[in-house]
Structures are given as structure tokens and as C-alpha cells.
1. In region 27-56, which residues are of a type in the set (Gly, Ala, Ser) and closer than 17 Å to residue 71 by Cα?
2. Would you confirm, using the coordinates I've provided, whether residue 87 is assigned to a helix (DSSP H, G or I), surrounded by fewer than 17 Cβ atoms within 10 Å (Cβ to Cβ), at pLDDT 95 or above and out of contact with any Asp or Glu (no Cβ under 9 Å at 6 or more places or on another chain)?
3. Considering 146, 74, which residue is closer than 24 Å to residue 242 by Cα, modelled with pLDDT of 95 or more and in contact with a helix residue (DSSP H, G or I) (Cβ under 8 Å, 6 or more places away or on another chain)?
4. So which of 176, 246, 207 ends up being over 21 Å from residue 17 (Cα atoms) and either over 18 Å from the mean Cα position of the chain (by Cα) or modelled with pLDDT of 90 or more (or both)?
5. With respect to the numbered conditions (1) of a type in the set (Ser, Thr, Tyr); (2) out of contact with any Asp or Glu (no Cβ under 9 Å at 6 or more places or on another chain); (3) at pLDDT below 95, which one is the sole condition not fulfilled by residue 152?
6. Name the one entry in 8, 69, 57, 53 that is assigned to a strand (DSSP E or B), out of contact with any Phe, Trp or Tyr (no Cβ under 8 Å at 6 or more places or on another chain), more than 20 Å from residue 192 (Cβ to Cβ) and modelled with pLDDT of 95 or more.
7. Output the residues belonging to region 214-239 that are at pLDDT 70 or above and exposed (fewer than 15 other Cβ atoms within 10 Å of the Cβ).
Amino acid sequence: MTPAYPPAHGLLDGKVALVTAAAGAGIGYATARRCAEEGAVVVVSDRHERRLAEAAATLTELTGVKPLAVPCDVTSEAQVLALFDAAVEAYGRLDVVVNNAGLGGTAALADMTDEQWHAVLDVTLNGTMRCTRAALRHMIPRGRGVIVNNASVVGWRAQKGQSHYAAAKAGVMALTRCSALEAAEHGVRVNAVAPSLAMHPFLAKVTSEELLAELEAREAFGRSAEPWEVANVIVFLASDYSSYMTGEIVSVSSQHP
């Protein structure tokens, strides 16, 4: 049984939080909503402009505050820089950056094309790098800030057809640890979550019912996570409650071997 949606506790009061890939109904949107509910001023981005506008409108209805919505394709350095500049110009600073943008897919390595490999790596790993780099350039001079990356348990655990995605997410984990050490002396923290299975409409479109059933059967609760259950952990990592944590990869999973 899915637990009740938890009330807010003001964990991000007064913070300015940017969330990438926040359109749709996945972890990014759930994170943007939870950040807003926890008191943050939210900046949302996505490469899908129409869906981004719809997400911003829904957030406005739910929270009563209109978020700044900036279209951004994280494979473009120019667009990433424009996103961060727009956020800082609007609010003067960034306290939290959540790098959620990622691209999946299923393909056996023997059949995979270079184009498939590069597409997943460029969005999932390179995009996270570009946004982390941009965030650090804003946060380091201020001597504070928090970055939370979205990794995956497949960065640790093998799964057929996921060589490109797993390699990208393992890269996100390594990027998180190394950048955290570089940022620590400047008062900036970098952590990541590693979800196992969070159900949302896009995942259902690109994954077979048979595979989803198999993955759910591996979970101790016998169900996938709700996107907001992952978002809650992201909010914790973004908040002062995790002030001693950096370079950590937090598994958001009930999966057993």
C-alpha cells in the first residue's frame, strides 16, 4: 500500500531551488513540487516547452506561487548557461540545484549504435556535468549551496539492455563524489540519490509490462516508488538536515537481491 502524501515541514524555507527536467509527472516534477511545498522559491526547466509551461501552471495552482520556467536542453552548454544566468538574474542566487535530467532506453550492447550510446551519455552524464559545473561557478564564490544529482541503482547493479544507461549513472555517481571533494572547502555540498524503480507515465511507455512486473517483484514492498517518495529524499539532501553529508549516494530503494 502506498503511504499517505506527507505534510511539509518548511525544510527549504527561504531557499532558491532549480530543478532540471521538471515537466511531466516524474521525479523532476515531484521534486519541484516538494521544494515549493517546503518553502523554496522554485526555478523549473525542461527541453519540452509546452510540458514545462503546463508543469509551471500546475505548480502555480498547487502552491499559489508561480515558478520561473526556463526551457533548457542540457546537451547545450549555451542553454545551460542561459538557464543559470536567468535564475540568478531573477533571484540573485541559487541555494539548491537538482540535476534530474536523464535519458534512458533499452538495447543490447551488441546491437547498440554509437548514436544510441552517445545520446544517453550526453543527456544523463554530460548534462549533469554541465549543470553541476554551472552550479559550482555560482555557489563557490558565495561559499554555500547544495547540489543533488539523480543517479540510479543500475549504477551499481547489472541489468540487461542497460549498458549505456548504467554507464551514465555510474558516471554520475563518480562525478558526484569527485566534485563533492572539490566543493567541500568552499562550503558547497554535492550528493546524489539512486532510485531503483519510480513509476511514472513516461517509464510505462518505454518499458514493457513484463519487465515492470519483474522489477516490482524484486522490491520488498512489492511495488514501485511514487515519484514523490524519491523527491522527499532529494529534499532531505537539499536541506540543512543533511549538513554533514557530501559525496554520498543515497539508495532510494526497497530492492533485494
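1. 28, 32, 45, 53, 55, 56, listed by residue number.
2. So residue 87 does not fit the description; no.
3. Just a single option satisfies the conditions, and that option is 146.
4. 207
5. Answer for residue 152: the failing condition is (3).
6. It is 69.
7. 221, 222, 223
The values are calculated or read from the model by the stated rules, or taken from the named source; none is laboratory data. All of these numbers come straight from a predicted model, not from anything done at the bench. As a convention, Cβ positions derive from the backbone with ideal geometry for all residues, glycine included, and neighbour counts pool all protein chains shown.
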